[in-house]
DNA sequence: TGGCGAGTGTCAACGTTATGTCAGCAGATG
DNA sequence: CATCTGCTGACATAACGTTGACACTCGCCA
């Protein structure tokens, strides 16, 4: 189990490392954004402890990058107790959890192991549904062994629907998922209608009709 | 999405309910352990907000019971800032998250939706009653393996009746449940007659007659 | 740099569905 | 029987979803 600690307070970072090592985790530390980005490229961590308030840039930037490359899973945000907004932004950006400074080390441990436990059940890089296969890493979709082109938003939307197959996803959830956290878009659903429309169209052209069902008053559901 | 709030400070409970209702969650409140245990038996909640320090017994008891009956998933512990030990105990007992008092309501919301989002990946959520099966996530109802279409209100109503099976539910309770908190509708029952009528009709068409019984002067009862 | 084009979000008009209201009738109650 | 409660179908309308056309943005390449 490998953990990345992104934290500029060296003393704190040190004691975290020491403590987590005792729990037999492998730890690496990044003291700034640049450092962190490099490490993230090099290795897939099981858990990332991210201090939101770094000196050389907001930690949210890192989180955004993580999310963009589908690695935001397993991130625990660490923040000063008063920056509630950042924490909420972080959670909405896909962070798994957060911890307020100052915290107790046993608490850190409880959270880290909870996150790792959770990630185990997350699964692989390909998601299939009948004749549709989505490759998360390659960002491609194949229907009956033919590759179909989707734009990025369409891809994200399809992903989101498929990974929630047989469940109704609310438009709120979709908006949240597609925009990250663009407050302006959160309560406007027109753009969702647009994407749903395009997605349905492309799927239909590929021979997949009626997979996306609208659930009146609630949202959409991917099912047969 | 249904949330149970276990909290003895009535004023706080009230503002939580108000806020969460705005986010379109259905809320119920229990002010003490006894009350809480009863409600937990009656319904599967999507999320339980549990104040650890209740007057009539430690909230951890409730959590232990929840865990014993496999319902600890989705519990968010609420505790006074200083009782760190309780929080750690809670997390180790399987609670999903915690929140320190005092907290900001948007933070509550972020955590609740995170917990619910997480639960989505746990597996489907179904409730059965004889030949009727209700899929809460898929928002579908199957009767003898045939899917039956219900509108949202009908679905909610059916859910409410089933989750109170064998008990008389007053029209007041139904109105409260269906409208959220629309004061205009609270004392008008015509719309309930309407929904009951439609519900009965659709159930009858699917082969389920006489499940919904009228209790003159009191309300309705779902039973065989 | 400036212009092109795909990708995204906005909008208005329209079709669809759900939901509450009502008036009158039916059934229960005492 | 008088009264109160509940049932029903028809209806208005508000909420919702769909569509196509369009405007804006942003990366890309000349």
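The values are calculated or read from the model by the stated rules, or taken from the named source; none is laboratory data. The model shown is predicted, which means the values in this text are computed figures rather than measured ones. Positions of Cβ are backbone-derived with ideal geometry, glycine not excepted, and every protein chain shown enters the neighbour counts.
Can you confirm whether residue B:125 is modelled with pLDDT under 75 and either in contact with a strand residue (DSSP E or B) (Cβ under 6 Å, 6 or more places away or on another chain) or within 11 Å of chain A (Cβ to nearest Cβ) (or both)?
Spelling it out, residue B:125 is indeed modelled with pLDDT under 75 and either in contact with a strand residue (DSSP E or B) (Cβ under 6 Å, 6 or more places away or on another chain) or within 11 Å of chain A (Cβ to nearest Cβ) (or both).
Checking the conditions here, which among A:172, A:164 is modelled with pLDDT under 90, surrounded by fewer than 18 Cβ atoms within 10 Å (Cβ to Cβ) and within 14 Å of another protein chain (Cβ to nearest Cβ)? Before you say what the answer is, go through the steps one by one.
Numbers: A:164 fails: surrounded by fewer than 18 Cβ atoms within 10 Å (Cβ to Cβ).
On inspection, the qualifying residue turns out to be A:172.
Return the residues of region B:141-161 that are more than 13 Å from every other protein chain (Cβ to nearest Cβ) and within 11 Å of DNA strand C (Cβ to nearest atom); say none if nothing qualifies.
Residues of region B:141-161 more than 13 Å from every other protein chain (Cβ to nearest Cβ): B:143-146, B:148, B:157-161.
Of everything in region B:141-161, just one residue is more than 13 Å from every other protein chain (Cβ to nearest Cβ) and within 11 Å of DNA strand C (Cβ to nearest atom), namely B:157.
Listed here are the residues, each with its yes/no results for (1) modelled with pLDDT of 75 or more; (2) buried (at least 18 other Cβ atoms within 10 Å of the Cβ); (3) assigned to a loop (DSSP other than H, G, I, E, B); (4) away from every other protein chain (no Cβ under 14 Å).
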| site | (1), (2), (3), (4) |
| --- | --- |
| A:38 | no, no, no, yes |
| A:41 | no, no, no, yes |
| A:50 | yes, yes, no, yes |
| A:71 | no, no, yes, yes |
| A:82 | no, no, yes, no |
| A:90 | no, yes, no, no |
| A:94 | no, yes, yes, no |
| A:113 | yes, no, no, no |
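I'm trying to understand the selection: among the residues of region B:178-190, which are touching a helix residue (DSSP H, G or I) at 6+ places or on another chain (Cβ under 9 Å) and either at pLDDT 95 or above or more than 9 Å from DNA strand D (Cβ to nearest atom) (or both)?
Passing the criteria: B:178, B:179, B:180, B:181, B:182, B:185, B:186, B:187, B:188.
Criterion first (within 30 Å of residue A:213 (Cα to Cα) and either within 11 Å of DNA strand D (Cβ to nearest atom) or at pLDDT below 90 (or both)) does residue B:204 satisfy it?
Here the answer is yes, as residue B:204 does meet what is asked.
Just one of (1) crowded, with 16+ Cβ neighbours inside 10 Å; (2) within 14 Å of chain B (Cβ to nearest Cβ); (3) within 16 Å of DNA strand C (Cβ to nearest atom); (4) at pLDDT below 85 trips up residue A:134, so point out which.
In the conditions (1) crowded, with 16+ Cβ neighbours inside 10 Å; (2) within 14 Å of chain B (Cβ to nearest Cβ); (3) within 16 Å of DNA strand C (Cβ to nearest atom); (4) at pLDDT below 85, residue A:134 misses (2) alone.
Condition check: over 23 Å from residue A:214 (Cα atoms) and in contact with a helix residue (DSSP H, G or I) (Cβ under 8 Å, 6 or more places away or on another chain). Does residue B:175 satisfy that? Break it down into steps so the answer makes sense when it comes.
Working: over 23 Å from residue A:214 (Cα atoms): yes; in contact with a helix residue (DSSP H, G or I) (Cβ under 8 Å, 6 or more places away or on another chain): yes.
It is true that residue B:175 is over 23 Å from residue A:214 (Cα atoms) and in contact with a helix residue (DSSP H, G or I) (Cβ under 8 Å, 6 or more places away or on another chain).
I'd like the residue in region A:96-109 that is in a helix (DSSP H, G or I) and out of contact with any strand residue (DSSP E or B) (no Cβ under 9 Å at 6 or more places or on another chain) and, out of all such residues, is modelled with the lowest pLDDT.
A:106
Name the residues in region A:207-223 that are surrounded by fewer than 18 Cβ atoms within 10 Å (Cβ to Cβ) and under 18 Å from residue A:142 (Cβ atoms), would you?
Once the filter is applied, which keeps residues that are surrounded by fewer than 18 Cβ atoms within 10 Å (Cβ to Cβ) and under 18 Å from residue A:142 (Cβ atoms), region A:207-223 yields A:207, A:209.
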